[in-house]
1. What order, most packed first, do the peptides B:240-250, A:436-446, A:26-36, B:341-351 have when packing is the mean number of other Cβ atoms within 10 Å of each residue?
2. Taking only the C-alpha atoms, wrap a convex hull around segment B:163-228 and report its volume per residue in Å³ as a whole number.
3. Between residue A:191 and residue A:84, what is the label-to-label distance in nm when each label sits 7 Å out along the Cα-to-Cβ direction?
4. Give me the percent relative contact order of segment A:4-265, please, defined on Cα pairs under 8 angstrom at least 6 residues apart.
5. Along its principal axes, what span do the Cα atoms of segment B:1-102 show, with the longest given first and each in whole Å?
6. Among B:432, B:456, A:15, what is the fewest-to-most ranking by other Cβ atoms within 10 Å?
7. Could you let me know the centre-to-centre spacing of segment A:420-493 and segment A:148-217, using Cα atoms, in angstrom?
8. Given 0.36 nm per residue, what is the gain on full extension from residue B:404 to residue B:342 after removing their alpha carbon distance, in nm?
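What follows is calculated from the coordinates using simple rules that are stated; it is not laboratory data. Worth saying up front: this structure is predicted, and the values here are computed from it rather than measured. Using ideal geometry, Cβ is built from the backbone for each residue, glycine included, and neighbour counts are taken over all protein chains shown.
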C-alpha cells in the first residue's frame, strides 16, 4: 500500500500565543520559527497580521526558508466587500505564502456572534477563499466549533466545509474549538465530512480539554484527514493544543499511522526531537515537563524496583522505543534500592570512569544508600552525585574551604517608623591558604548567603561569573519540630545554557541550603576547569 | 439500555510511588487514602507489603472505610509452594481485603526474567489466585506486558488471562507496562481477550508514554473492560499512569462512556474533583498543573482575544462543560457572583456570622482575591482565613504585638574544633502595654523563632501551653532569585487534638514563616478564649 503524504501545520505562534502567561516578541517568534524549520513542519502559522503590532511586524517580511509561511485571519464580514474589509486585506497584503481564515461553522454562533444569516456566512467563506487564491496565496479555512456545530446542525456544518472546498480552499480544517469532543465522535464526524470533502483536503485542530488532543488528532488521521495542526510542547489556550512533539513520533513510529501516512520528516530526523522540545522551553524560560512523552527527562527513567535490573540486561523489552531514536536518554535512577549495575550505568552516563572490580565502587554504593536514607535525593541532583562519585573514585579538589558563615534576619522599625525585614550574611572562605571574607544583603537568609559566597572566591571568581540560580525547592521530609529539610537547587551557566541540580539535607534549612549552594559552585568550577584542560 | 457498573482501581500508592522524586511516608499514605475515599474510588492499592518497611507498616492494619483495601505482590516463584514463598505470604497475611498479584504474560519475559517454563508460569498464576481466594481475599492478576506479549505470542498471553480467570480471579488486568500501545491496537486486542474472559472481569492499566493513557483506557472501556486503573493527577513511572482525575469526568460526562457505564461516583460528586486534585499536589508539595484537563487553573480560562467577550455573553457555548460541575472556575469574568456565594458558604462553615448585604463582605472578597493573587492559599489555611474574616467582619484582638525579632544561623568551630551550625532567635512582644523579650536556640531559624515567640506571652501563656507544630511546608511560587515563598504551618492542640493551618507569604522565607507562626498562636488564643466565654 502506498503511503499518503500528511502535512504538519504548526500554530505555536498563533493559537499557542493564546496560552495564559505567554506573550511572544518578534525576536522570539523568529527564534521559534527557526526551531520549527529545524523540526521540519510543513506550515508555520505565524500569527494574525493586523491584530497587534507584533504580528503585523512579524508578517512584514517572509520569515521561513522551507515551511509555508501562513497568516491567520477572520473571514470577511457580512455586508462588506473583500476590498472594504481591512482585516481580510491585512492578511492578503502580508508577506505570507498562505492564509488560514477562521470561519463560523456552528449556526448558533453565526446568529449570536456574527449576527448575520447562514447564507451570508457561506458567502463570506467563499469570497474570502477566492480572494486569497486571487492574491496568489494558498487558502485554508479553519472551521471554528466544527464538531459542536455538526452535533447541533450537521447540514449547516457540512455546507460550510463544502463551500470552502468548492471555492478553492487547499485545506478545510475541522476545529474542536471547545476541546470537548472524544475520539469515537471524531471518527464518526470525520467520516461524514469525507462524503463532501476529500480527506486529502481536510485538516484537524484539537484541544486537550479532555486529555485527548493527540488521540483525537490520530483518530482523524485514521479516518482520512491529511493535515494535522498542533503546537510545540502542546502549548495553547486552557489545557493546550495537540502536542506536535508527541504527534510526530507517534505517526512515524507507531501502527497503524506509520503504515498509512508519510511526513516531510523522516524517522532519522527524530534524533533532534528532545533538543527541540527543550530549546522551546528555554525560549519560554520555563522548566521542561520531565514526564512528557518521548522527550521528558523521565520518559525513559526507571526507579529501582521490579524493573530496573531487567532493563539494564534487556532494555529493548522494557522500553516502547529506544530513547536514542528521539534524542533522549535511558536513566536508571540512583535510589536507595539501587544495585551496583545501576550505579555503574549512571557513572558511565555521567562520564565518570569506574571499574566494577574496584572496591571503591562498592564503598560509593554503600555511601549513596546511607545518604539517601538520610534524605539526600541523588536521582534529582546529578551534579551533587557526580561530585560525590568523582571524590570517591578519583580526586576532585574542593577548590575552597568555608571556614565559617553566619546569616541573620531581623525585623525592626526603620527611620520612617515602618516595619522592615532585613537579611544579611557573612561568609569566610579559604582559597589556597588565603582568606576571603564577604558580606551581602538578600531577600532572605539563603539569598544573602548565596550572594556573599559567590562575591569573592579569589582565583576561581572568573570561573563562576556566569553561574546563576534558577530554582530553589524545599521539602520537609518528616513532620514535627525536629524535621529534616531537603533543599534542591537548580543552577545554570548563563553563557552555555547548561543546567545542573544539587542537593543538601539537614535539620537546619539554612545548613541544607548552604550545602546545595556549595555543591553548585564547586560543580561549576569543576566543569569550567574540565573544559580548560580538555 | 442498562448501564454496566465500572470499577475504579486507584494505584497512586503503588505504581504512583514509582514516580521519580516521590517517596511516600506512612502518614502521607494515610492522608492520600483519605483523599481517595473522598473521591470515591472502589479499590485502593496501597503498596507492596514486604517490599519495604513503609509498605509493610501501612498494611499492618486496614486503612480504608469504604474502598476495597488492596495489596500488590508478585505471583509465586516457580519451584516453590505457596507456603514457602515469603513474598506471596506477606501479601496474604497483610490486612488487605484484596490482592493484586503481577504475573508475566509475555513468554519472552517468562524465559529471561523468571527463567522458568511457560507452563510453570501458568501454574504460578493459578496457585497464587487460589491461595488468595482461600485466604478470603478477592483476587486480581495484573498481566504485565500484556499487549506486547500478545503481539509476540497471542496464544500464550491469552492463556495467562484465561488461567487467572478460571482459577477464580475477580479481575484480570491487561497492563500496557511499556506504554507503547495505541487505541486502535487496544481495541483490537481487548476484543480478542473477550473471547476467553468476560469484559466484566477485565481491567485495563495504561501508561502515558505516547500521550494516550486516558485514551487507551477509554478505548478499552468501549471494547468492554469494566475495571480501570489509574492514579491521582496521573503520577507514575516515566510519563505517568492514566490520570484518574481526567478519566472520571470523561466517563461520567461524555458520550459514549456515560451511556455505557455507571461508576460508584455520581455526577454531583464531581464538584469535589478540583479540590481533591489540588490537595494531592499539596501533599506532594508541588505546584498544580495549570493546564490539567477539568481541574487546572487555566482549564476554563480565556485570554482576552477573539473568544473572551463572547464567553461573557454565552459561556455555555464556549465551554465544553460548566466549570462548577467539577468544582473549577471560569477565569474571564472581572467580578463573579459565584465568588461571593462561595465566600458566604465558607464563612458559614467556619461559624463566622455574615450578612450578604453587608458591604464589608464585598471588601473581604476583594481583599481575599488580592491576597491570593499575591500567593496566599486560603483554601489550604483555614485558620488564617478565619482570623482575616473575623477581623474584617467583627473584631478579634491581636492579643500581642511583635515589636521586633531577629534570628541568625552561624556555622563555626566549637571548642572541640568541630564545625557546628547554631540557630538563635530573639523576639520582643508587647502584651497590654508590657514588653516581653525572649531568646531561644533551635534546629533552624524558624524553629528558634517559634520557640522564642511562644516562650512568654504574659497573661496568654497558659492558653498556648498545649500548642504544638505538626508540619511545615515551603513552596517557592516562582523561580529565580526574587522568588516569592509561601509557608504553610499545621498546628495542633495536644490536649484536644484539634488541628489548624496557617499561611504566610513573603520574598523572605523567614518572614513568611513568622507570619504563619503568629497566625497560629493568635488562632490558638482566640479558640481558647472562645471556649472560656462559651
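1. Averaged packing, sorted descending, gives the order B:240-250, A:436-446, A:26-36, B:341-351.
2. 68
3. So the label points at residue A:191 and residue A:84 sit 4.6 nm apart.
4. After rounding, I find 20 percent.
5. Reported extents, whole Å, longest axis first: 47, 39, 26.
6. B:432, B:456, A:15
7. Segment A:420-493 and segment A:148-217 have Cα centres separated by 55 Å.
8. That pair, residue B:404 and residue B:342, stretches by 18.6 nm at full extension.
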